[in-house]
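The values are calculated or read from the model by the stated rules, or taken from the named source; none is laboratory data. All figures in this text were calculated on a predicted structure; none of them were measured in a lab. Every residue, glycine as well, gets a Cβ built from its backbone with ideal geometry; the counts of neighbours run over all protein chains shown. Just so you know, the surface numbers come from the protein's heavy atoms only, side chains and all, with ligands and any DNA or RNA stripped out. Shrake-Rupley method; radii C 1.70, N 1.55, O 1.52, S 1.80 Å.
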Amino acid sequence: MTKRVLTGITTTGTPHLGNYVGAIRPAVAASRLAGVESFFFLADYHALIKCDEPRRIERSRLEIAATWLACGLDPERVTFYRQSDIPEVPELTWLLTCVTPKGLMNRAHAYKAATDVNEAAGEDIDAGVTMGLFSYPILMAADILMFNAHEVPVGRDQVQHIEMARDIAQRFNHLFGQGREHFVLPEAVVDEQVATLPGLDGRKMSKSYDNTIPLFEGGAKGLQAALARVVTDSKLPGEPKDPDSAHLVTLYEAFADADERAAFRADLQAGLGWGEAKQRVGERIERTLAPMRERYTDLMAHPARIEETLLEGARKARAIAGPFLAQLREAVGLRRMGAAQAAEPAATEKVRSAAPVFKQYREGDGRFYFKLVGADGRLLLQSEGFDQGRDAGQWVARLKREGAAALAGLPAQRGQGVGEAELAEALALLVQQA
Ligand code: TRP
């Protein structure tokens with residue numbers, strides 16, 4: 001099987017230059033390598049978690065789809081689709097939700113960040129937290145596991161989510177595998193080489209710092225206007241500048257080749273003025289962006305074309321997701337009536353149900369009892385009554401730990417027709433499991 005690489009793009013906001021250099025450009029390049037099968041999708045269900053403005057959701061989906069296509073993502077070569085066009089994804093989300101420990105979600109960074117803020121403010125820790133935010137990692141696990149992706153290129157902040165997807169996959173495989181691994185365990189791939197672009201103020205370019213330079217919106221003029229706001233030192237034209245301490249240089253170098261870089265540095269050291277330098281940076285970036293912006297503008301003017309491309313992508317994706325989900329439904333027992341009942345119980349089902357279980361309870365006499373019941377429902381061991389529930393519990397714990405050795409001194413009888421050896425064997429099974 002060729003390596004499957006999958007990544008999702010949350011459709012909030014408008015792409016900026018930092019998104020292009022840090023995510024879009026490397027991903028498009030990687031999608032062209034031989035021997036990989038790439039899946040790219042618009043994570044618009046994820047977008048709903050962060051945004052309740054329908055118009056912004058709509059706009060951002062369109063802009064982001066147009067941007068990726070304009071930047072060279074080839075829908076013939078990769079599978080490019082919208083998450084919300086794949087109904088199998090939310091269905092798988094539910095199957096996974098049912099095997100995901102709540103405690104795992106409690107530890108998710110995004111949720112913890114929200115509860116930490118609430119706690120510090122003296123509020124209820126879950127104030128303002130939706131179930132969408134809380135179970136975000138399960139939806140993300142479904143995105144990945146649905147297509148059995150081997151690798152998931154993500155930013156550092158997303159690594160925990162991939163680890164959770166692995167955990168969830170392992171649990172599902174273990175519970176319902178029956179000798180068959182349904183899910184590939186995905187690996188996060190964090191590219192350390194990829195440049196993080198500085199924003200206007202020199203910090204990492206990010207919407208949350210409000211320091212971004214737009215990628216296409218605003219045109220060449222908007223680009224030049226944004227560059228004019230890039231912070232520099234106050235050296236005058238004619239004074240030598242230090243290229244290593246100017247993030248304008250970093251912006252330039254994200255687009256320039258080796259010769260251009262060397263020339264730009266030399267000119268700054270020789271006293272090139274910042275105004276002129278910014279002009280040069282703008283021209284260099286524009287040379288790369290102009291043809292892409294033209295495609296972008298054209299696509300934005302023809303949304304029906306984008307729609308058609310995405311629907312075609314969804315058809316490709318569902319051709320994989322549909323049959324796979326059928327297999328998973330079968331595995332958990334959502335089967336056609338009649339046909340599947342004849343099927344042999346699987347080996348793991350036998351093993352699991354072969355173990356006896358302890359039941360603890362209180363009778364009408366107010367005393368506490370326990371009994372051991374075999375997989376077939378037969379009573380194997382019946383305790384006498386204890387005044388304290390804790391005493392009954394401690395005996396049960398000892399039996400699980402020590403097996404038949406703990407029977408000495410225990411006020412209890414074997415069930416009718418149950419031999420000593422049979423009881424010992426049943427207890428041994430429990431010890432093994434513990
Ligand atoms: N949560 C990711 C982000 O904010 C987006 C995303 C959703 C994703 N589903 C995914 C990324 C599946 C990789 C794989 O960046």
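Of all the numbered requirements in (1) buried (at least 21 other Cβ atoms within 10 Å of the Cβ); (2) of a type outside the set (Gly, Ala, Ser); (3) more than 16 Å from the ligand (Cβ to nearest atom), Glu217 misses one, and that requirement is (1). Scanning the range 251-267 turns up one or more residues that are in a loop (DSSP other than H, G, I, E, B), surrounded by fewer than 19 Cβ atoms within 10 Å (Cβ to Cβ), free of Cβ contacts under 8 Å to residues at least 24 places away in the same chain and of a type in the set (D, E, K, R).
In the range 95-121, the residues that are part of a helix (DSSP H, G or I) and among the acidic types (Asp, Glu) reach residues that are open to solvent by 50 Å² or more (accessible area, probe 1.4 Å) and modelled with pLDDT of 95 or more with C-beta atoms within less than 9 angstrom, at least six apart or across chains, in these pairs: Asp116/Ile125; Glu119/Ile125. For Asn148, the conditions (1) in contact with a helix residue (DSSP H, G or I) (Cβ under 6 Å, 6 or more places away or on another chain); (2) at pLDDT 95 or above all hold with the exception of (1).
Pairs linking a residue in the range 233-248 that is farther than 11 Å from Ala270 by Cβ to a residue that is among the charged types (D, E, K, R) and part of a loop (DSSP other than H, G, I, E, B), with Cβ atoms under 8 Å and 6 or more positions apart or on different chains, are Asp233/Lys241; Lys235/Lys241; Ser245/Asp233; Ala246/Asp233. Taking Pro186 as the residue in question, decide whether it is under 20 Å from Leu104 (Cα atoms) and near the ligand (Cβ under 10 Å from one of its atoms). Considered against the rule, which asks whether it is under 20 Å from Leu104 (Cα atoms) and near the ligand (Cβ under 10 Å from one of its atoms), Pro186 comes out as yes. Close Cβ contacts (under 9 Å, 6 or more residues apart or on different chains) running from residues in the range 135-153 that are assigned to a helix (DSSP H, G or I) to residues that are near the ligand (Cβ under 10 Å from one of its atoms) and among the hydroxyl-bearing types (Ser, Thr, Tyr) comprise Leu139/Tyr45; Asp143/Tyr45.
Residues are listed down the side, and each one gets a yes or a no for (1) assigned to a helix (DSSP H, G or I); (2) closer than 30 Å to Phe176 by Cα; (3) not assigned by TED's automatic domain parsing to the domain that holds Leu175:
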position: Gly364; (1), (2), (3): no, no, yes
position: Phe370; (1), (2), (3): no, no, yes
position: Gln382; (1), (2), (3): no, no, yes
position: Arg390; (1), (2), (3): yes, no, yes
position: Gly393; (1), (2), (3): yes, no, yes
position: Val396; (1), (2), (3): yes, yes, yes
position: Ala404; (1), (2), (3): yes, no, yes
position: Leu423; (1), (2), (3): yes, yes, yes
position: Leu427; (1), (2), (3): yes, yes, yes
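Here the condition is being surrounded by 14 or more Cβ atoms within 10 Å (Cβ to Cβ), polar (S, T, N, Q) and touching a strand residue (DSSP E or B) at 6+ places or on another chain (Cβ under 6 Å); of Thr196, Thr232, it holds for Thr196 alone. Among residues of the range 156-168 that are in a helix (DSSP H, G or I), those with a Cβ under 8 angstrom from a residue that is of a type in the set (Asp, Glu) and more than 11 Å from the ligand (Cβ to nearest atom), sequence gap 6+ or separate chain, pair up as Ile162/Glu187. When the range 98-146 is filtered for residues that are within 16 Å of the chain's Cα centre (by Cα), within 16 Å of the ligand (Cβ to nearest atom) and of a type in the set (A, V, I, L, M), the ones remaining, listed by number, are Met105, Ala108, Ala110, Leu133, Ile138, Leu139, Met140, Ala141, Ala142, Ile144, Leu145, Met146. Consider Arg367 against the criteria (1) touching a strand residue (DSSP E or B) at 6+ places or on another chain (Cβ under 8 Å); (2) within 21 Å of Leu429 (Cβ to Cβ); (3) of a type outside the set (Phe, Trp, Tyr): it satisfies all of them except one. Which criterion is unmet? Every listed condition holds for Arg367 apart from (2).
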